[in-house]
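These notes concern the structure reproduced below.
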Amino acid sequence: MCGIVAYLGQKDAYPILLKGLYRLEYRGYDSAGVALMQESGIKMFKKKGRVEELQKFCENLDTSGTLGIAHTRWATHGEPNEQNAHPHVSEDGSMALIHNGIVENYVVLKQQLVNQGVAFKSETDTEVLVHLIKSVQDKEGIPLPEAVTIALRMVEGTYALAIISTENPDQLIVAKKGSPLLVGIGDNEYFIGSDGAPIVEYTKQVVYLEDGDVGVISRDKPLRISNVNDSERLPKSPYIQTLELSLEQLEKGGFDTYMLKEIYEQPKAVRDSMRGRINLEKDVVSLGGIIEYEQKMLNARRFIIVACGTSWHSGLIAEHLFETLVRIPVEVEYASEFRYRNPIIYEDDVLIAISQSGETADTLAAVEIGKKRGATVIGICNVVGSTMARETMAGSYSHAGPEIGVACTKTFTAQITVLALMALSLAKKKGTIPMSLYHKLLNDLETAPEKIESVLRQEQKIQRIAQYVATKQNAMFLGRGVSFPVALEGALKLKEISYIHAEGYPAAEIKHGPIALIDTNMPVIVVAPEQHIYDKVVSNIQEIIARKGTIISIVNEGDTTVSGMSKFTIEVPGIDELLTPLVTTIPLQLLSYHVALIRDCDVDKPRNLAKSVSVE
Ligand code: F6R
């Protein structure tokens, strides 16, 4: 969602901010803006649409200045337009502010400010912040850092903020609660980012602000941090960490799009997610991050998995893995529903939160509920240092590397890998898995990257199938057992990047309604690898063919039954049924990708979507 980049140093800020905005594009946004501190005061540039529009607009304008803040906005309060775009300024133009997050009590605060005579220019919740801080400062006659602290004590909700003011043209104030913010420390210069992407090119020394932190960054002085919850505002010593990100990971590396690059990175993502976690000699699978809580997991009454979107699909796959191998009951919940349902949670429950970004607001809220009610809370996420990594009691990273394409691809298969390892490790310790199956699954996991590679080699064939699907208005994805979540994921990928309406269903369920949609115009993509209910899937396909539906099937190499009933077939190598999602997902990603390209869609930045959904 929204992105923040800011700079204070000796260089011209604008080129750094602009590049930073481009690097933040992947988060999803619909307007962008920059504010620069110049001798004449604060100069602002804002544009609806892409960063490119902003760049064109600024081309012949004075963009000088060595202090600046910039923002990409994903609209929440008020439509995407220039008024609502950040930065927002105080009425006298002396202060400018950018904000990620949501001010939950903005209606009350706005009314108080309006009563004081403040005229608002936008419909955003953010504008409240700039007027509130200014009003506190004017009333109390105090320096800006103090005014920010006092104002933020009145704010309910989440924020990552960067503020500049003509009161001190060599100072940048930052603050954070519930929305990430990093301060990159360079040589007499500071780089601020809502994530590492706009910073990594310049420095790897970063300070992750903690909730309630207010940072004061002054030219040629060390970073000073205090916390709004500390009434005395005592200075905290900044904890400098190394940013685990490389520039190379943020670039397309010869591919046309990030999404295609990331689809092709899956053999590596799966391998990296296993690296150091399997010791074949000792016959041991071990996930270091959860060791301390392993006993709690082994004794769990139940696993509650909370997640959203693609991560929720991983959760559904984990349900099969954990129930089959560990024999512990599993509930898989949409985090957004779970959080508002007064769920029954026992102290011997283990709540597993899955999120690639580690910043999804609903999933984080579910984590809080789990913690408050005494459950053991484990996280699985892909971003080191993310809020989820810090808020859960323990967890395991999926090591897929940064994912820039908005649609999840490699983080999905990496999540499945980690979940499979977790299930294997627990099952062996609990004695719920026959050793022959344990060894077979380990072996199949080890060979999964090569099997994914062999599916990737079929891209051209999939491209031809995409020509057919791209002409359709609707598509249905079917699967059973562990292939049902894969069908859901296939449908999600297609709709989110090609805007073709798609539904995922358990294959047997369609006769309870969706079969009414089947006709010659409905492509039905069936995920039908060898599995214990393969014959049942065959019967379900017969029902579709009888209604003149067109079958596109994903089957194992050498399959003749389902492929004989299909207009198109994509073959995947055999792998244990529980691990089939690692290979059957790949053709569905490629199919959606090529359909979207044929339909001229922006695959990396699908409309209306954001990479990390940090608002509920
Ligand atoms: C789908 C997609 C979304 C995310 C969802 C959860 O391609 O990107 O559905 O899966 O927003 O995001 P995370 O995993 O970051 O919690």
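The values are calculated or read from the model by the stated rules, or taken from the named source; none is laboratory data. On a predicted model such as this, the values are computed, not experimentally measured, just so you know. Methodologically, a virtual Cβ is constructed for each residue, glycine included, from the backbone with ideal geometry; neighbour enumeration extends over all protein chains shown. Heavy atoms of the whole protein, side chains included, go into the accessibility calculation; ligands, DNA and RNA do not. Shrake-Rupley method; radii C 1.70, N 1.55, O 1.52, S 1.80 Å.
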Expected vector for segment 362-379, Karplus 3J(HN,Hα) from phi with 6.51, -1.76, 1.60 and θ = phi - 60°, integer Hz, x for Gly and Pro, equals 5, 5, 5, 5, 5, 4, 4, 4, x, 5, 4, 8, x, 6, 7, 10, 10, x
Applying 1/(1 + (r/R0)^6) with R0 = 22 Å to the Cβ-Cβ distance of LEU437 and ARG341, what FRET efficiency is obtained, to the nearest 0.05?
0.05
Checking the cross-link filter: which lysines have an alpha carbon closer than 23 Å to that of LYS372, excluding same-chain neighbours under 8 positions apart?
LYS176, LYS177, LYS296
Please give, to one decimal in nm, the separation of the simple spin-label points placed at ASN474 and ASN115, each 7 Å out from Cα toward the Cβ.
5.4
What full-extension length gain, to one decimal in nm, is calculated for GLN467 and GLU281 as 0.36 nm per residue of separation minus the Cα-Cα distance?
62.2 nm
Over the chain, the sum of -39500 (n - 2.57) across DSSP H runs of at least four, divided by residue number and rounded to 500 deg cm²/dmol, gives at 222 nm -10500 deg cm²/dmol
Per-residue ³J(HN,Hα) for segment 385-391, Karplus 6.51 cos²θ - 1.76 cosθ + 1.60, θ = phi - 60°, Hz, x for Gly and Pro:
x, 5, 4, 5, 4, 8, 8
On a 31 Å Cα-Cα criterion, which of the cross-link pairs LYS47/LYS134; LYS268/LYS371; LYS236/LYS371; LYS43/LYS139 come out too long?
LYS268/LYS371
Just the number please: accessible area per residue for the chain, 1.4 Å probe, all protein chains included, in Å².
38
Mind giving me the FRET efficiency for LYS567 and ARG153? R0 is 56 Å, r the Cβ-Cβ distance, nearest 0.05 is fine.
0.30
Rounded to a whole %, the carbon-and-sulfur portion of the accessible area of the chain at a 1.4 Å probe is 48
Just report the Cα centroid separation between segment 303-336 and segment 365-392, whole Å.
15
Once Lys and Arg get +1 and Asp and Glu get -1 on their Cβ, which of LEU152, VAL350, GLY254 lies farthest toward the positive end of the dipole of the chain?
VAL350
J(HN,Hα) series, segment 526-543, from Karplus relation 6.51 cos²θ - 1.76 cosθ + 1.60, nearest Hz, glycine and proline x:
10, 8, 9, x, 4, 7, 5, 10, 3, 4, 5, 5, 4, 4, 4, 5, 4, 4
Would you grab the residues whose amide H sits under 5 Å from the one on HIS77? Only those 5+ places off in sequence or on another chain, please, with H modelled 1.01 Å from N.
ASP125
Starting from the Cα of ARG301, step 7 Å along the direction of its Cβ; do the same at GLU248; then give the gap between the two resulting points in nm.
5.0
Using a cut-off of under 14 Å, list every residue of segment 81-124 whose amide N is near the label point 7 Å from the Cα of GLU53 along the Cα-to-beta-carbon line.
81-86
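Report, for the chain, the % of DSSP beta bridges that are antiparallel, rounded to 5.
60
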Quick one: dipole size for segment 252-455, taken about the Cα centre, charges +1 on Lys/Arg Cβ and -1 on Asp/Glu Cβ, in debye to the nearest 20.
360
I want to check the label-to-label distance for GLU543 and GLU446. Put each point 7 Å from Cα in the C-beta direction and report it in nm to one decimal.
4.2
When we measure straight from the Cα of LYS46, which aspartates and glutamates land under 20 angstrom away, once same-chain ones fewer than 8 places off are left out?
ASP12, GLU25, ASP30, GLU59, ASP62, GLU79, GLU82, GLU91, ASP92, GLU123, ASP125, GLU127
Scan around PHE477 for amide H atoms under 5 Å from its own, H built in the peptide plane at 1.01 Å from N, and keep only partners 5 or more places away or cross-chain.
GLU503, GLY504, TYR505, ILE525
Taking Cα pairs closer than 8 Å and at least 6 residues apart, the relative contact order of segment 295-442 in percent is 25
At R0 = 45 Å, how high is the FRET efficiency between SER454 and ASN188 if r is their beta carbon distance? Nearest 0.05 is fine.
0.30
